[in-house]
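In what follows, a single structure is set out as structure tokens and then discussed.
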Amino acid sequence: MAAAPSGLSAPVPGSGSPGAVAVWEWQDEFGKWRPYQGSVCSYIEQSFQASQQKGKRLGPGPANNSIPLGHADAMLAPYVIDIPSLMQFRQDTGTMRAVRRHLFPQDSAAGQGVIWEWQNDEGGWSPYEMNVCVFLEQAYASGHQHVDLGPLGYNYDVNLVSQVQTNKTTLYRRSIQRRLDTPYPVTAATGPLHTGMACSCQQCLLNSGTGPITTRYRHSINLPSSSAVPQVSSRTTAVSSSGLGFVPYNKPTLSGSRSAPRLNTHGAWALPQPASTGGPSTGGPSTGQPASNGVSVPNLPVVMPKSSKVNQALAAASTEPELVVRKYLEELKDAPADEDCIICMEKLASPSGYSDAYECKIIRPETVGRLAKCQHTFHLLCVLAMYTNGNKDGSLQCPSCKAIYGEKTGTQPKGKMEVSTFPRSLPGHEDCGTIQIVYHISRGIQGPEHPNPGMPYTARGFPRYCYLPDNEKGKKVLELLKVAWKRRLIFTVGTSSTTGESNTVVWNEIHHKTEMDSNLSGHGYPDPNYLDNVLAELAAQGVTEDCLRP
């Protein structure tokens with residue numbers, strides 16, 4: 001095994017450079033940074049620059065400082081980036097991910113559109129973070145056969161000739177590939193350029209002065225406990241979906257927003273720093289409600305498609321929408337004068353922003369109501385609009401704090417859940433046996449609750465085998481997973497974040513362990529925090545110990 005090639009990491013002065021390549025990346029649930037495609041980055045960068053220059057609306061998007069990714073790629077329709085908080089928000093699940101923007105030299109891999117990828121467990125290809133792509137391309141262009149990714153925070157040796165990545169500890173091997181794609185956008189260099197290994201720019205040196213910001217602290221890929229806010233570095237905060245809950249509507253679109261939400265409108269590019277509560281701070285007023293883990297959640301608009309007679313007919317076929325709204329919200333005689341409705345982002349003292357899109361004979365556009373448990377206040381018509389664009393299962397979820405009213409159900413296709421036990425122990429749980437769960441789902445046709453009704457959906461990788469320790473807490477998780485399965489919450493139909501395939505069965509934000517003997521992919525053991533994490537994720541879906549009581 002060769003050491004990292006020398007001569008590839010000389011710092012390039014970035015400040016004041018005439019031009020650079022901008023790469024935007026999002027952080028997955030394991031703390032790994034994944035670059036958006038070049039065409040998507042071009043749209044993000046163009047929108048970002050427009051917001052910097054104008055400080056006004058970006059165009060047809062839903063917010064002054066928000067970037068709807070569906071305008072760049074239809075497959076990314078549920079996603080929007082909030083610039084002040086540097087967060088990506090998925091509107092159909094409520095999931096939030098950190099995003100970052102790095103500048104690279106124009107002659108780097110990013111400028112040439114070169115992407116290096118590794119083969120994942122599902123047979124698809126996942127890109128390395130752009131820092132690694134740049135470094136691998138430098139080594140490849142220089143004729144090096146082996147490179148060590150240790151200085152970049154990865155415990156891998158890469159053979160550029162045989163195109164194989166090897167874990168230096170376990171010797172587990174994966175295929176890699178070099179692929180040409182759309183070059184990333186050229187922009188004015190307003191900060192240091194990232195040059196691969198041992199980059200000397202300020203952003204990289206923030207990470208304890210040991211090199212670029214990578215996932216070195218998360219490389220065991222053990223998710224943190226639900227009571228802690230996972231800090232990847234001093235400039236970003238990874239936000240777990242378990243603390244944020246889920247938005248109760250399905251199949252959103254990123255058009256038709258009634259008005260711009262009142263978000264932080266600072267025009268200067270600023271990196272968020274951790275606040276005293278452990279959440280990101282944008283250097284200005286709070287842009288959202290604090291979640292249960294102390295992270296400030298941006299009040300992005302609840303953006304829904306315009307209602308149609310079909311939508312309203314489907315809603316009427318299930319629980320009467322008006323009755324559901326009236327059941328959970330108490331009508332107020334006087335609307336709070338200075339508060340906004342975070343669904344339509346209009347003043348509560350004004351009529352609902354969706355009054356011209358939703359017809360209702362018994363709810364007036366100006367009527368305001370308060371949810372009983374959490375006391376958050378909205379236009380009743382806005383809540384009705386949100387409900388009729390969801391699963392229409394008789395439950396509501398507060399778009400502010402994610403509190404669930406009623407019994408939430410999902411859109412999981414039909415299938416079978418099998419459970420068995422055997423005496424073999426899992427790493428980290430040597431004092432007990434193992435519970436094995438097998439999920440069976442076959443391909444089929446999407447129903448009215450799915451993204452594309454009437455179209456086929458695929459079911460890759462089934463049956464899926466999952467494992468829990470056969471101890472008291474593991475048995476409790478099992479019973480709650482049975483409840484989640486019955487409520488159709490474990491899987492859904494959507495787009496795979498691993499392979500990019502749309503109209504396929506995917507996990508629905510309740511993490512499972514699919515490996516027994518290792519945690520190489522983050523889906524195995526040992527992981528001392530897993531049971532606590534999955535309990536928090538189940539609770540965010542409304543599945544708690546209360547569901548097990550007779």
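For the stretch 312-423, the relative contact order works out to 25 percent when only alpha carbon pairs closer than 8 Å and six or more residues apart are counted.
Pairs exceeding a 27 Å alpha-carbon distance, out of K414/K476; K392/K486; K361/K486: K361/K486. Checking every one of the trypsin sites (Lys or Arg not before Pro) in the stretch 318-388 against DSSP loop status and a limit of 10 other Cβ atoms within 10 Å picks out K333, K361.
Applying the Karplus relation 6.51 cos²θ - 1.76 cosθ + 1.60 with θ = phi - 60° to the stretch 341-351 yields 3J(HN,Hα) values of 8, 6, 7, 9, 6, 9, 5, 4, 6, 9, x Hz, where x marks Gly and Pro. Using the Karplus relation 6.51 cos²θ - 1.76 cosθ + 1.60 with θ = phi - 60°, the per-residue 3J(HN,Hα) values for the stretch 401-410 come to 10, 6, 4, 9, 10, x, 10, 6, 10, x Hz, with x marking Gly and Pro. For K168, a cut-off of 16 angstrom between C-alpha atoms picks up these aspartates and glutamates, skipping any fewer than 8 places away in its own chain: D148, D157. Cross-link check: pairs K333/K373; K327/K347; K416/K482 evaluated at a Cα-Cα cut-off of 21 Å; pairs beyond the cut-off: K327/K347. Among rounded, prolate and oblate, which fits the stretch 395-537 when a ≥ b ≥ c are the square roots of the eigenvalues of its C-alpha gyration tensor, a/c under 1.5 means rounded, and a/b larger than b/c means prolate? In terms of gyration-tensor shape, prolate.
Going by a ≥ b ≥ c, the root eigenvalues of the Cα gyration tensor, does the stretch 367-456 fall in the rounded group (a/c under 1.5), the prolate group (a/b larger than b/c) or the oblate group? Here the stretch 367-456 falls in the oblate category.
For the stretch 461-507, a Kirkwood radius taken over Cα pairs fed into Stokes-Einstein (10 °C, viscosity 1.306 mPa s) yields D = 129 µm²/s.
Each reported figure results from applying straightforward, stated rules to the coordinates on display, with no laboratory input. Everything numeric in this text was worked out from a predicted model, so none of it was measured. Using ideal geometry, Cβ is built from the backbone for each residue, glycine included, and neighbour counts are taken over all protein chains shown.
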